[in-house]
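The values are calculated or read from the model by the stated rules, or taken from the named source; none is laboratory data. If you're wondering where the values come from, they're calculated on a predicted model, not measured in any experiment. Ideal geometry is used to build each Cβ from the backbone, glycine not excepted, and the neighbour counts take in all protein chains shown. Quick note on the areas: whole protein, heavy atoms, side chains included, nothing else; ligands and nucleic acids left out. Shrake-Rupley method; radii C 1.70, N 1.55, O 1.52, S 1.80 Å.
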Amino acid sequence: MTYIIEMVETQEQPTLVLKKNTSAQELPKILGDSFMAVLNHVWELGEQPTGPAFVGYFNLDMAHLQLEIGFPVSKNLPGKGEVLAGTIPSGKQVTCLYKGPYMQMTSAYQEIEDWIEKHGYTTLGPVYEFYLNSPEEVPEEELLTKIVFLVI
């Protein structure tokens, strides 16, 4: 499969997130509740997310993932309890739109990493996946995920 990989320059993006440590196997079990906890807090503040749900992967150790699970918001908003204020840093991002089952994204990741190396960039910080639709809305083959690598 061929992927369209793009470089974009972005401003800092305020977020509200939950920080979690889990395995890839347990990830589907915690995502729904985590997204709802963040979303409920956003609504309590009288706000709306400004973009799709995302997960920030701070490592790719599938047995011990370190994650931020949340939503982009319009401005810096206060956290509450486990829900924390955060940001996605400004700077260069290498992005790719992936269509298909979540468990088959390996080839997209490999192409992005190859593109980054070929163009002389270095990855920086977490990798983000923005979920543009959900398994409750569409069949697995129609899932759309925007994969974002921060680079320098």
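Scanning region 2-57 for residues that are touching a helix residue (DSSP H, G or I) at 6+ places or on another chain (Cβ under 6 Å) and aliphatic (A, V, I, L, M), which turns out nearest to Glu82 (Cα to Cα)?
Once the filter is applied, the top-ranked residue is Leu18.
The rows are residues; the columns are (1) more than 28 Å from Tyr3 (Cβ to Cβ); (2) open to solvent by less than 60 Å² (accessible area, probe 1.4 Å); (3) assigned to a loop (DSSP other than H, G, I, E, B).
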position: Gly32; (1), (2), (3): no, yes, no
position: Met36; (1), (2), (3): yes, no, no
position: Pro49; (1), (2), (3): no, yes, yes
position: Pro52; (1), (2), (3): no, yes, yes
position: Gly56; (1), (2), (3): no, yes, no
position: Lys92; (1), (2), (3): no, no, no
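Would you be able to say whether some residue in region 52-64 is over 16 Å from the mean Cα position of the chain (by Cα) and more than 25 Å from Thr123 (Cβ to Cβ)?
no
I'd like to verify a number: residues in region 94-152 that are part of a helix (DSSP H, G or I) and of a type in the set (Ser, Thr, Tyr), how many?
The total comes to 4.
Please determine, by comparing only the residues of region 94-130 that are among the hydrophobic types (A, V, I, L, M, F, W, C) and open to solvent by 70 Å² or more (accessible area, probe 1.4 Å), which one is farthest from Thr50 (Cα to Cα).
Looking at residues that are among the hydrophobic types (A, V, I, L, M, F, W, C) and open to solvent by 70 Å² or more (accessible area, probe 1.4 Å), I get Met103.
Could you list, ordered by first residue, the pairs with Cβ atoms under 9 Å in which the first is in region 1-14 and more than 16 Å from Val151 (Cβ to Cβ) and the second is loosely packed, with under 10 Cβ neighbours inside 10 Å and at pLDDT 95 or above, at least 6 apart or interchain?
Pro14/Lys75
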